[in-house]
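Input: a single structure, listed below in structure tokens.
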Amino acid sequence: MRTSPPSTSTPTAAQALPTSWPYADSARRYGTVSRVFHWTMALGFAVVFSAAVAHYFAKDGAIDEQLWPWHKPFGALLMLLVVLRAAWALLHANQRPPHISRAAHFGHLALYAMMVAVPFLGLLRQYAQGRAFAPFGIPLMRARPDDKIDWAIALGNLLHGEIGWVLLACVAGHIFMALWHRRSAHENVLPRMIGK
Ligand code: HEM
Ligand code: HEM
């Protein structure tokens, strides 16, 4: 009985494509897009938090004067980036590395919730105060001196800084856990975000 010979036909266009786009996430690692979001935003948070810490502990000191002008523009940029990053994460939710525990999953969700809430409350209060705002020279809000929104100012005053400090504490915990997990080969997640 004859067996059919191995197929020598030319692959279709779909077969010729790599199985996954190289910039996308996979079950083993975060892809280039996720990594660029993660590390650019980490740098942005370093600027915003350094400014907040200097402002809180040494208001009007030399470091505060250098850093504080960058707090709002970088905060606004982070607001834009987190929306794009969350959309990317949702679109690729079923092809990302699995969470190593429910605690890790919940921790990442909490980071996202605060990454949205904190700059949103800052921008909401900025708008409610009726002051012009042009981060990096881009006119985002025009001045409306006679149109203040008291409840939104109060909400920002109450929560922006407070949730901001909680976010800083959670980021510290996140970094600690990422390094702590390096002790176990099974839980070593750092290569997912930096390795090949
Ligand atoms: C992810 C981005 C942001 C983070 C993590 C953040 C974090 C913080 C923190 C922790 C403080 C407390 C500092 C203190 O008590 O002196 C603070 C204060 C402040 N932030 Fe932000 N912020 C962000 C974005 C923004 C944005 C977008 C604006 C406005 C456009 C803004 C405006 C302010 C102002 C005016 C203060 C001083 C008054 C206050 O204590 O609430 N922030 N921020
Ligand atoms: C030195 C600083 C940092 C290190 C070493 C680090 C490390 C990591 C690692 C290893 C992962 C993968 C975890 C896993 O797959 O289970 C991860 C994911 C993540 N990290 Fe960080 N991280 C840092 C800073 C930050 C900062 C500042 C934020 C946010 C404020 C952040 C938010 C996240 C989030 C939300 C994820 C989940 C994946 C995603 O959707 O991007 N990280 N990080």
Answer yes or no as to whether residue 107 is touching a Gly at 6+ places or on another chain (Cβ under 9 Å), farther than 16 Å from residue 52 by Cα, within 16 Å of ligand 2 (Cβ to nearest atom) and not charged (D, E, K, R).
yes
Quick check: anything in segment 58-68 touching an Asp or Glu at 6+ places or on another chain (Cβ under 8 Å), more than 24 Å from residue 29 (Cα to Cα) and surrounded by fewer than 17 Cβ atoms within 10 Å (Cβ to Cβ)?
yes
Any chance segment 26-42 includes a residue that's modelled with pLDDT under 75 and assigned to a loop (DSSP other than H, G, I, E, B)?
no
Positions within segment 127-140 being hydrophobic (A, V, I, L, M, F, W, C) and closer than 14 Å to residue 77 by Cα, in sequence order:
133, 134, 136, 138, 140
Within segment 120-132, does at least one residue satisfy the condition of being over 21 Å from the mean Cα position of the chain (by Cα) and either of a type in the set (A, V, I, L, M, F, W, C) or within 16 Å of ligand 2 (Cβ to nearest atom) (or both)?
yes
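The values are calculated or read from the model by the stated rules, or taken from the named source; none is laboratory data. As the structure is a computational prediction, the values presented were derived from the model and not from experiment. Please note: Cβ atoms are built from the backbone with ideal geometry, for glycine as well, and neighbour counts cover all protein chains shown.
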